[in-house]
Amino acid sequence: MKILAIDTSGLVATVAVADGDVLVSQFSIQFKTTHSQILVPMLDAIQSNIGPFMNTIDAIAIAKGPGSFTGLRIGAATAKGLCLALDKPLIPVPTVDALAYNLYGTEKIICPMMDARRSQVYTGLYTFVPTSSEGTMEQKFTMKTIESQTVLGIEEIADKINEIGKPVVLLGDGIPVYHDKLEKLLKVPFSVANLNQNRQSAAAVAALAMTIYEEGGAISGMEFAPDYLRQSQAEREGGSADGGKKKLPKRPGVIRIREIRAEDITEAAELEKKCLGAEAWTEKQLLEAQARDDTVYVVAEKTGKIVGLCGVRNVSGDGEITNVSVSETCRNEGIGYKMLKQLIERGRGIGITAYTLEVRAQNAPAIRLYEKLGFKSEGVRPNFYENPTDDAAIYWRKEQ
Amino acid sequence: MEDIKINKTTEDDGVIFMSVKKESEKEVDAKKDGDVTILAIESSCDETAVAIVRNGRTVLSNIISSQIALHTVYGGVVPEIASRKHIEKIDYCIKAALEEAALTFDDIDAIAVTYGPGLVGALLVGVSEAKALAFALNKPLIGVHHIEGHISANFIENKELEPPFVCLVASGGHSHLVVVKDYGEYEIIGQTRDDAAGEAFDKVARAIGLGYPGGPKIDKAAREGNPDAIEFPKTKIEGAQYDFSFSGLKSAVLNYINGAEMKGEPINQADLAASFQKNVVDVLAGHAIDAVKKYGYKKLAIAGGVASNTALRERLEKDCADNGISFYRPSPVLCTDNAAMIGTAAYYEYLKGVRSGLDLNAVPNLPLGDRERRYHANR
């Protein structure tokens, strides 16, 4: 397939045309010119060298973010305009994944870092694993994501690298910014990618886009918007002091939903106790439950703290959802919704086809949440709960 | 101009999607040889707008996606939120504009876009999209000055209006008195030294608890109030007869409120709004009429968001009638940001052979009149 790829997420403006295994053209500029002034002229320059190609491509790939907000939008608006004019599909490619793809075939840990200001980086952790035809000319590699692209403090990502304990290759425009800090923080052997590999490359975006396309990742350009991974400053700060009477709800920082780890148990048990009182599970119960093969437990993490917990157990295809807790200080931020959505998604992986749960009949906010997630009331257990006495409403969500 | 019909729907995210249609132009003649059809994009502030305009004066479709409800809670437009919404909405607006006009890209002769002044992040969405369309479709690109667009809005509903004339431009970001010498030729004869007129409306509305957006809220409140209840000072600029200054007025209003609070006296919101508005209208209308008299064109047009203020419109209608001046004003929906006005301005640029290069950039403080022609390199 033939792809036009664009990446304007960072300091480099880069475009490429790839046709199957052949990189027909790649044009990158990292100079004083703005992406806005250089991007379409770059396409024009390619066209004047290889002839009119826009109608011959199958899809347009775009580095979807994270990155500079304005940079992302210059690329996004350009890609959307091209898709709309030419009636071609769009393949959004995660920026950090594409950066890691520069080091195709590396079996070390790969850690791209893009400067996100405020002592943070857009980052992720990846490695390449050889596929079946190892040792032959046909051998290929698959990129394995160890940590999906996210925004983290420089210390946090260093901790994660040290935890894995394997040699790491660093790349991206965050490296020169945090060079000294990283040298102190990293306890594993590390190296920095060379200039031919260490910045955004549209060829890598194109190569990764082909894989994403095969997995059905193409969309209509109409519905595309960048994945910023961060809210705007105004949203983070929740409206200006003099901004009228209506105040915005408190906005979440970056909330991460992930599977529970053994070291989370103490914090999770404390959260349960605060939320569920006498009905809370003990640390030991939780530890045993999450270790079973027929359960999935996920937690919500905000600024390094566990603020949400929920789990599901597979009982012959039916998933019993338990332990739904959200920290009182973080209510109304959509944490419950996000957590349960992920739980249901992950439950599918262990063969769950229908979900059920019990909830206090008086707990209106929880019931609203479950109904929003597609749960339907199917019965009542009278006086099931104590202190105060309440009925248990039984809810089910069955896959179509 | 009473036959304008607006189809409005509010989307899930609070953005209002509008399609503006002139009843009398429902049936448009088929395209003739020599006709010029322009697709225009405007994204300089908090409206994502796309329109298709034929021969400068016939609007085939006019789509506006307004985010104002999203910014109200912050007391003003938040640039990053505005930019994010633009990128989500822009393709839908383009598609709707083509569908509404029952055209395809093949029918379009040129792509026009606002490239300044405005919020840089917001402008860049429209500029990037327009350049991609122009490149992929191999159509000429025309960068348009936002205020020249506002002035050109007058051509849409007043088919007989031709330059030269005087135009009063008043909006949230601008207060200019402009002589339109010819299509695309502007001379600024007066401008604000500090706050724009619309800015003063917003700030005073906030101070007296009316909230954002200030213009329409003060306009409404003032209808219930006495415009002569409180006398505020009028600022005259020495040696610059047509210049404006509104920050002194704003301070006077704030002082008045503080004084009343100190004395524990209640404030009559309606009287305050009416008195403030009268002061602004006196200055804007006074300067405009003086300028028309001096330049002798006998034609006055108004443009920009403040041009939809009812007191200003009534006042200018009367003053123009009294002085034998023809008065032109766009419908309120064409006073706010829209792309039809950009398509109109672009048409006259197109006729002059103005074409922008694919390196067209957003210029947040683009000056009116002496435009930076280097952004208009011939393709």
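Read the figures in this text as sums done on the coordinates, not as results from a lab. Because the structure is predicted, anything quoted here is derived from the model rather than measured. Note: ideal-geometry Cβ built from the backbone for every residue, glycine included; neighbour counts use all protein chains shown.
Dividing the C-alpha radius of gyration of chain A by 2.2 N^0.38 Å, with N its residue count, gives 1.12.
The share of C-alpha pairs in the protein assembly as shown whose separation exceeds 49 Å stands at 29 percent.
Translational D (Stokes-Einstein, µm²/s) of segment A:12-81 at 20 °C and 1.002 mPa s when Rh comes from the Kirkwood sum over C-alpha pairs?
On the way: Rh = 12.9 Å.
It comes out at roughly 166 µm²/s.
Going by C-beta contacts inside 10 Å, put B:HIS86, B:HIS71 in order with the fewest on the left.
B:HIS71, B:HIS86
The translational diffusion coefficient of segment A:103-192, from Stokes-Einstein at 37 °C and 0.692 mPa s with a Kirkwood hydrodynamic radius over alpha carbon pairs, comes to 242 µm²/s. Bridge orientation summary for segment B:165-330: considering DSSP beta bridges with both residues in this region, about 60 percent are antiparallel. Among B:ALA170, B:ALA197, B:ALA136, which one shows the biggest mean-square fluctuation in a GNM of chain B, springs joining Cα atoms closer than 10 Å? Result: B:ALA136 has the largest fluctuation of those listed. For segment A:255-398, the equivalent ellipsoid derived from the alpha-carbon gyration tensor has semi-axes of 21, 18, 15 Å in decreasing order. Taking amide H as placed 1.01 Å from N in the peptide plane, B:GLY14 has no amide H partner under 5 Å among residues 5 or more places away or on another chain. When chain B is treated as a Gaussian network with alpha carbon springs shorter than 10 Å, the biggest mean-square fluctuation among B:LYS131, B:LYS236, B:LYS278 belongs to B:LYS236.
Here the simple spin-label model places points 7 Å from the Cα toward Cβ, and for A:LYS140 and A:SER377 these points are separated by 5.2 nm. Available extension along the chain between A:LEU195 and A:GLU237 is 11.3 nm, counting 0.36 nm per residue and deducting the alpha carbon span. Exceedance of the 28 Å cut-off in Cα-Cα distance is limited, within the set A:LYS64/B:LYS8; B:LYS31/B:LYS85; A:LYS2/B:LYS131; B:LYS8/B:LYS217, to A:LYS64/B:LYS8; B:LYS31/B:LYS85.
Can you list the equivalent-ellipsoid semi-axes of segment B:66-216, largest first and in whole Å, using the square root of 5 times each Cα gyration tensor eigenvalue?
On the way: eigenvalues 163, 113, 38 Å².
Taking √(5λ) for each eigenvalue gives 29, 24, 14 Å, largest first.
The HN-Hα couplings worked out from phi for segment A:177-192 by the Karplus form 6.51 cos²θ - 1.76 cosθ + 1.60 (θ = phi - 60°) are 5, 10, 3, 5, 4, 4, 4, 6, 7, 7, 10, 10, x, 9, 9, 10 Hz, whole numbers, x standing for Gly and Pro. Compare B:GLY184, B:GLY296, B:GLY149 in a GNM of chain B, Cα atoms joined below 10 Å, and give the one with the largest fluctuation. Looking only at B:GLY184, B:GLY296, B:GLY149, the largest GNM fluctuation is found for B:GLY296. Net charge dipole, segment A:103-192: roughly 60 debye, given to the nearest 20, about the Cα centre with Cβ charges of +1 for Lys and Arg and -1 for Asp and Glu.
Taking amide H atoms as placed 1.01 Å from N in the peptide plane, the amide H of B:SER356 lies under 5 Å from those of B:LEU141, B:ILE142, B:GLY143, each 5 or more residues away in sequence or on another chain.
Any chance you could check the Cα centroid distance between segment B:181-245 and segment A:319-371 for me, in angstrom? Distance between centres, Cα-based: 53 Å. With θ taken as phi - 60° and the Karplus curve 6.51 cos²θ - 1.76 cosθ + 1.60 applied, the whole-hertz 3J(HN,Hα) list for segment A:102-117 is 4, 9, 3, x, 6, 9, 7, 6, 10, 10, x, 9, 10, 4, 10, 6 Hz, x standing for glycine and proline.
Enumerate the amide H contacts of A:GLY65 below 5 Å, restricted to partners 5 or more residues apart or on another chain; note that Pro and chain-start residues carry no placed amide H. Amide H to amide H, under 5 Å and 5 or more residues apart or across chains, A:GLY65 pairs with A:THR95, A:ASP227. Placing a pseudo-label 7 Å from each Cα along the Cα-to-Cβ vector at B:MET262 and B:ASN55 gives an inter-label distance of 6.4 nm. Any chance you could give the angle, 0 to 90 degrees and rounded to 10, that helix B:146-157 forms with the longest Cα principal axis of chain B? The answer is roughly 80 degrees. Other protein chain C-beta atoms within 10 Å of residue C-beta, averaged over B:178-186: 0.
Suppose R0 equals 41 Å. What FRET efficiency, 1/(1 + (r/R0)^6) with r the Cβ-Cβ distance, do A:ARG346 and B:ASN365 give to the nearest 0.05?
Details: r = 51 Å, r/R0 = 1.24.
Between A:ARG346 and B:ASN365 the formula returns 0.20.
The P(r) of chain B has a tail past 32 Å containing 32 percent of all C-alpha pairs.
Looking at the calculated P(r) for segment B:1-70, what percent of the C-alpha pair distances fall above 22 Å? So the pairs more than 22 Å apart make up 30 percent of the total in segment B:1-70. If one takes the longest principal axis of the Cα atoms in chain B, at what angle in degrees, from 0 to 90 and to the nearest 10, does the Cα axis of helix B:340-351 lie? Helix B:340-351 and the main axis of chain B meet at about 50 degrees. Restricting to lysine pairs 8 or more places apart or on different chains, what number in segment A:103-192 have Cα atoms under 22 Å apart? Final tally of qualifying lysine pairs is 15.
Charged side chains reduced to their Cβ positions (Lys and Arg at +1, Asp and Glu at -1) give segment A:255-398 a dipole of some 580 debye around its Cα centre.
Viscosity 1.002 mPa s, temperature 20 °C: Stokes-Einstein D of segment B:274-379 from its Kirkwood Cα radius, in µm² per second? If you can, show how the numbers build up before the last one.
On the way: Rh = 16.3 Å.
D = 132 µm²/s.
Listed by Cβ neighbour count within 10 Å, with the fewest neighbours leading, B:CYS167, A:CYS275, B:CYS320 appear as A:CYS275, B:CYS320, B:CYS167.
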